[in-house]
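Trainee: Input: one structure, supplied below.
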Amino acid sequence: MAAADVRVSGTLDALSDSVAAAVAGAAHHAVKQRGRCTLLLSGGSTPRTAYELLATRYRGRVPWDRVHLFWGDERFVPPGDPRSNARTAREALVDRVPCPPANVHPVPTALPSPDAAAARYEETLRAHFAGNRPVFDLALLGLGADAHTASIFPGSRALVETDRWVMAVTAPVEPSPRITLTMAVLTAASRLFVLAAGADKAVALQRALDPAADPAQYPAAALRHGGGRVTWWVDRAATSGSGV
Ligand code: 6PG
C-alpha cells in the first residue's frame, strides 16, 4: 500500500484554510473536467471552519451553480435540529453560497423512520448517478476518537454491505439513530479528504493509517482500501504519538 498522504497543520484554523483551498481547487477542477462537481459533506464539528472559509475567503473560486452537495451521513433528527449535520453545513456554508437549491441533497430526516430516510436517499443517489454506484468527485469525512467515519462505527454492517448504498444504523453515541452511506460507496469517491483535529484523535489516526489495522475495529482504516485518492488533513495535536 502506498504511503499515506498526510498533511499536517499547526492549528485547526490553518488546517481549515488548507482544506477550504483544496476543496475549492478540486471543485473547480471537477467542473472543468465534467461540467459538474459532486461534493459529499461531512458531519461533526471539525469541518465547520473550513465550510465558513468556503463561504467567505474561497467563495469566488468555486463554480457553485455547478456543484451538487450530498451528505455522507446524518443523525436521524428533524432537519432544523441543532444536531443535524445538514443544519450545521447550511449555517456555515450552504445558505451563504449561490448553490441552486435543486443541487442541495440532504438526507430526508423528516420521513417517519431511519429506514425510510435511507431508502429515499438511495433513490436520490440512484437518480443523480443514473443508477450507477455513486462516484463522488470529492468526499469530505471526519474521524471519531474510536476511528469511526461518517456513521460507520466499529463492527458496523455498513463496512461490508455491497448491495445497498445507504443504510440506517444505530450509533453507540447520541443521537443514536443514523443514516450513513456505506464504506463501499465512500471509498468509490475519486478523492477523499479525511479531517482530524485534536489530541483525542491521535490513536484513531494512528490506527487508520496502519495498513495492518482491522477495519471492523477501526472503520477509518478501510478508507485506504478503495480506489480513490485519500488525503488526511490533520493538525499537529492529532499526530501526537503517531510518528506521523
Ligand atoms: C457525525 C459525523 C462523524 C464525525 C466524527 C468526528 O455525524 O458525527 O459524520 O463521523 O465526523 O464523529 O466528529 P468531530 O469532528 O465533531 O470530532
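Trainee: Go through 208-214, 190-196, 106-112 and give me the packing order, highest mean Cβ count within 10 Å leading. If you can, show how the numbers build up before the last one.
Mentor: Values: 208-214: 16.0, 190-196: 23.1, 106-112: 17.9.
The densest-packed peptide leads the list: 190-196, 106-112, 208-214.
Trainee: Once amide H atoms are placed 1.01 Å from N in the peptide plane, what residues at a sequence separation of 5 or more from residue 150, or on another chain, have their amide H within under 5 Å of its amide H?
Mentor: 142
Trainee: Toward the positive end of the charge dipole of the chain, about the Cα centre and with charges on Cβ (Lys, Arg +1; Asp, Glu -1), which of 206, 100, 162 goes farthest?
Mentor: Ranked along the dipole, the leading option is 100.
Trainee: Accessible area of the range 75-181 with a 1.4 Å probe: how many percent of it is carbon plus sulfur?
Mentor: Values: 2530 of 4630 Å².
Answer for the range 75-181 is 55 percent, counting heavy atoms of protein chains only.
Trainee: Filter the chain for me: DSSP H helices, axial length by Cα at least 24 angstrom, mean Kyte-Doolittle hydropathy not below -1.0. List them by residue number.
Mentor: Working: long enough: 12-34 (32 Å, 0.32).
Qualifying helices: 12-34.
Trainee: Follow-up. Just want the answer: with Cβ charges of +1 for Lys and Arg and -1 for Asp and Glu, which residue in 226, 77, 27 is farthest toward the dipole's positive end in the chain?
Mentor: Of the listed residues, the answer is 27.
Trainee: Going by average Cβ density within 10 Å per residue, which order do the peptides 126-136, 223-233 take, highest to lowest? Show your work: numbers first, answer last.
Mentor: Numbers: 126-136: 13.9, 223-233: 19.2.
In decreasing order of mean packing, 126-136, 223-233 become 223-233, 126-136.
Trainee: Show me 170-177, 148-155, 16-23 ranked by packing, highest mean number of other Cβ atoms within 10 Å first. Before the final figure, lay out each step's value.
Mentor: Working: 170-177: 13.8, 148-155: 23.6, 16-23: 21.0.
Output ranking for 170-177, 148-155, 16-23: 148-155, 16-23, 170-177.
Trainee: Per residue of the range 141-152, in order, report the coupling 6.51 cos²θ - 1.76 cosθ + 1.60 (Karplus, θ = phi - 60°) as ³J(HN,Hα) in whole Hz, putting x for Gly and Pro.
Mentor: 9, x, 9, x, 5, 9, 6, 6, 9, 6, 10, 9
Trainee: Further question on the same structure: I'd like the Karplus ³J(HN,Hα) series for the range 180-188: coefficients 6.51, -1.76, 1.60, θ = phi - 60°, whole numbers in Hz, and an x wherever there's a Gly or Pro.
Mentor: With coefficients 6.51, -1.76 and 1.60, one gets 9, 5, 7, 5, 4, 6, 4, 7, 7 Hz.
Trainee: Taking the Cα centre of the chain as origin and charging only Cβ (+1 Lys, Arg; -1 Asp, Glu), how large is the dipole, in debye to the nearest 20? Don't skip to the end; give the middle numbers.
Mentor: On the way: 26 positive and 22 negative charges, 139 e Å.
Here the chain has a charge dipole of around 660 debye.
Trainee: While we're here: Antiparallel versus total DSSP beta bridges in the chain: what percent is that, nearest 5? Let's see the in-between values first.
Mentor: Numbers: 9 of 34 bridges.
That works out to approximately 25 percent antiparallel.
Trainee: Let me ask another. Just the accessible area per residue of the range 45-148, please: how many Å² with a 1.4 Å probe?
Mentor: On a per-residue basis, the range 45-148 sits at 43 Å².
Trainee: Still on this structure, please answer the following. So what is the 222 nm mean residue ellipticity for the chain from helices alone, if each DSSP H run of at least 4 adds -39500 (n - 2.57) and you divide by all residues, rounding to the nearest 500 deg cm²/dmol? All intermediate terms of the calculation are to be shown ahead of the outcome.
Mentor: Numbers: 6 runs with 66 residues, N = 244.
So the calculated ellipticity at 222 nm is -8000 deg cm²/dmol.
Trainee: Just name one of 111, 127, 147: the one whose Cα is farthest towards the positive end of the charge dipole of the range 100-179 (beta-carbon charges, Lys/Arg +1, Asp/Glu -1).
Mentor: 127
Trainee: Follow-up. Which whole-Hz ³J(HN,Hα) couplings does the range 216-231 yield from phi under the Karplus relation 6.51 cos²θ - 1.76 cosθ + 1.60, θ = phi - 60°, glycine and proline marked x?
Mentor: 4, 8, 10, x, 5, 5, 6, 5, 7, 8, x, x, x, 7, 9, 10
The values are calculated or read from the model by the stated rules, or taken from the named source; none is laboratory data. Fair warning: this is a prediction, and the values are worked out from it, not measured in the lab. Glycine gets a Cβ as well: all are built from the backbone with ideal geometry, and neighbour counts include every protein chain shown. These accessible areas exclude ligands, DNA and RNA; they are computed on the full protein's heavy atoms, side chains included. Shrake-Rupley method; radii C 1.70, N 1.55, O 1.52, S 1.80 Å.
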